Amino acid sequence: MTPARVVSLVPSATETLVALGVPPVACTRFCDLAAVPTVGGTKNVDVDAVVALAPDLVIVNDEENRVEDAESLVGRGLVLHSMSPRSVADVGTAVCALATAIGAEAPAPFDAWEAWQARTRTPERLSAFIPIWRRPWMSLAADTYGSSLLAHAGIANVFGDSVDRYPEVSLGEVAARGPDVALLPSEPYAFAERHALELRDAVPRLRATFVDGRDLFWWGIRTPAAAERLQTVG
């Protein structure tokens, strides 16, 4: 039976479901989908509320959702569909698999993803520090979707070689790596102009540019347009 009732516990998946023509019957409070019931946050899912909706499918992600919540949902008899892309290369397969799971057709360019990547990839043109948190300052390594998307857009991540996927860093380390620009996303931490000034004080002549955090971290239907927008960052 083609799933008709879908609960999404992943904001990126929620946005993608809507674009595929199958909006979820419920989602998290971070999904920003008006008039749709919410079932908690990504890290504190109201399992009873999800079960009460009797969904045919629940969309989860191995980073955003807790293992114990996923196990509880399975234990209550629900079917899960995991979407956990780590790179731009993974997105096409993930979107096509979701489309298949909900009985929808995968749109272009996801149905020819390798060709889209080859056609739109930008040669490296600048390096960047990408903070994702402050107190402590944190960044991301190459083995993350955000770093992969920036690489696709021609932007090298100066902490891409970090062993930890989301390393804690000091501003001294940022200065030592000499990035051309700091890309300050709007989420998960809401960076503001005062943070740009703090970076400039610590790293003289460092340019700071604000970017939409969703473009950096929300994979799925948004990826092609996000890549295009990030290709204009300079």
Subset tally (residues that are of a type in the set (F, W, Y) and either touching a helix residue (DSSP H, G or I) at 6+ places or on another chain (Cβ under 7 Å) or at pLDDT below 95 (or both)) for region 117-144 = 2
Give the residues of region 136-161 that are assigned to a loop (DSSP other than H, G, I, E, B), surrounded by fewer than 21 Cβ atoms within 10 Å (Cβ to Cβ) and not hydrophobic (A, V, I, L, M, F, W, C), sorted by residue number.
-> P136, D143, G154, G160, D161
Of the criteria (1) surrounded by fewer than 20 Cβ atoms within 10 Å (Cβ to Cβ); (2) assigned by TED's automatic domain parsing to the domain that holds V174; (3) not polar (S, T, N, Q), which one A106 fails = (2)
Selection count, region 35-71, where residues are surrounded by fewer than 18 Cβ atoms within 10 Å (Cβ to Cβ) and either within 18 Å of the chain's Cα centre (by Cα) or not assigned by TED's automatic domain parsing to the domain that holds E15 (or both) = 5
Determine which single condition V74 fails, assuming it passes every other condition in (1) among the aliphatic types (A, V, I, L, M); (2) part of a loop (DSSP other than H, G, I, E, B); (3) at pLDDT 95 or above; (4) exposed (fewer than 15 other Cβ atoms within 10 Å of the Cβ).
-> (2)
Log entry, pairs with first residue in region 180-192 being in the same structural domain as A128 (by TED's automatic domain parsing), second being surrounded by fewer than 16 Cβ atoms within 10 Å (Cβ to Cβ) and assigned to a loop (DSSP other than H, G, I, E, B), beta carbons closer than 6 Å, six or more apart or on different chains, reads S186/D212; Y189/R134
Any chance you could count how many residues in region 169-193 are of a type in the set (D, E) and crowded, with 18+ Cβ neighbours inside 10 Å?
-> 0
Residue among A35, A49, A54 that is farther than 21 Å from A99 by Cα and in a loop (DSSP other than H, G, I, E, B) = A35
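The values are calculated or read from the model by the stated rules, or taken from the named source; none is laboratory data. Just so it is clear, the model here is predicted, and its values are computed rather than measured. Cβ: placed from backbone, ideal geometry, glycine included. Neighbour counts: every protein chain shown.
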